[in-house]
Amino acid sequence: MKKGLFLFGALLSFYAATGQAWIQRTNLPAVGRHRATGIAIGNKGYIGLGHVNGTNVNIIYKDWWEYDPSSDSWTQRADYPVNAGNYGAIAFATATRGYVGGGATLNNEFHEYNPQTNTWNAIANCPASPTDQGSFVVNNKGYVILGNLMWEYDPVTDTWTSKQNAPVTFGTWCTGFSIGSSGYMKSGPWLYEYKPGTNQWLPRAAFPGAASNAQSAFVRNGKGYIVTGYVG
């Protein structure tokens with residue numbers, strides 16, 4: 001997960017799946033930017049990084065913010081531990097930790113975020129250097145895509161393992177999410193399911209909307225939702 005200004009499950013609004021309504025929540029108290037990174041850990045969301053370059057000056061951010069839906073409030077947390085900041089970074093989260101790396105400034109380096117201690121620590125380098133690519137988590141293991149190649153990260157052993165190649169090449173700004181024991185990747189109209197238990201990719205129904213990328217995805221009540229993005 002990554003991209004846009006927000007991506008950990010609610011954008012800047014909250015989607016009530018039962019009532020099918022969007023309710024605006026408190027704005028992020030920081031500069032708006034694009035190619036930012038967002039994740040969810042437990043019942044809280046986290047977003048940061050990204051850049052602004054509309055004036056031909058590339059301003060890169062490393063701030064990191066926590067959103068608490070119970071109080072509809074934001075708290076600034078420890079900065080991402082890269083002086084240059086980062087954008088287009090890859091992110092995924094287990095039940096207790098977040099993982100952010102790759103991107104425009106880091107190549108294959110990744111860092112783990114611990115919300116309990118509000119600290120970042122370097123982890124093993126990814127075998128690839130992903131930027132603006134999709135990711136997902138299944139059974140507390142992270143999966144990172146680059147084209148049609150995929151690697152699995154195991155936080156227990158701090159190791160990366162190459163997995164079955166995807167049957168298609170997922171383009172830049174592809175979107176990933178997970179439901180139960182499967183991960184899903186969307187790029188353009190394609191949607192594929194990955195089953196870690198059998199190391200197998202399966203084609204799923206084509207996306208019926210505009211074949212856009214740079215979309216946001218989240219999961220509620222066992223269903224995946226894909227929103228926004230662009231065509232071009």
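Quick rundown of the values:
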read-out	value
Any hit, the stretch 1-23, residues being of a type in the set (Lys, Arg) and modelled with pLDDT of 50 or more	no
Lone qualifier among Val82, Val31, Val100 - being open to solvent by 60 Å² or more (accessible area, probe 1.4 Å) and either under 23 Å from Ser178 (Cβ atoms) or β-branched (Val, Ile, Thr) (or both)	Val31
Pairs with Cβ under 7 Å, 6+ apart, first in the stretch 57-85 and touching a residue at least 40 places away in the same chain (Cβ under 8 Å) and part of a loop (DSSP other than H, G, I, E, B), second among the small types (Gly, Ala, Ser) and open to solvent by less than 40 Å² (accessible area, probe 1.4 Å)	Tyr80/Gly48
Number of positions in the stretch 18-39 that are of a type in the set (A, V, I, L, M, F, W, C) and within 15 Å of Ser73 (Cα to Cα)	3
Qualifying positions in the stretch 165-204 - aliphatic (A, V, I, L, M) and either open to solvent by 50 Å² or more (accessible area, probe 1.4 Å) or in contact with a Cys (Cβ under 8 Å, 6 or more places away or on another chain) (or both)	Met185
Checking Asn125 against (1) within 16 Å of the chain's Cα centre (by Cα); (2) part of a loop (DSSP other than H, G, I, E, B), the condition it does not meet	(1)
Residues within the stretch 86-117 that are touching a Phe, Trp or Tyr at 6+ places or on another chain (Cβ under 7 Å), part of a loop (DSSP other than H, G, I, E, B) and more than 17 Å from Pro130 (Cα to Cα), tallied	1
Selection within the stretch 153-164 - touching a residue at least 24 places away in the same chain (Cβ under 8 Å) and surrounded by fewer than 14 Cβ atoms within 10 Å (Cβ to Cβ)	Asp158, Thr159, Ser162
Where Val52 falls short, out of the listed (1) within 12 Å of the chain's Cα centre (by Cα); (2) of a type in the set (A, V, I, L, M); (3) at pLDDT 95 or above	(1)
Residue within the stretch 135-152 that is within 15 Å of Ala93 (Cβ to Cβ) and open to solvent by 70 Å² or more (accessible area, probe 1.4 Å) present	yes
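The values are calculated or read from the model by the stated rules, or taken from the named source; none is laboratory data. The shown structure was predicted, so the numbers you read here are calculated from the model rather than taken from an experiment. Glycine gets a Cβ as well: all are built from the backbone with ideal geometry, and neighbour counts include every protein chain shown. We work out accessible area using only protein heavy atoms, side chains counted, and drop any ligands, DNA or RNA first. Shrake-Rupley method; radii C 1.70, N 1.55, O 1.52, S 1.80 Å.
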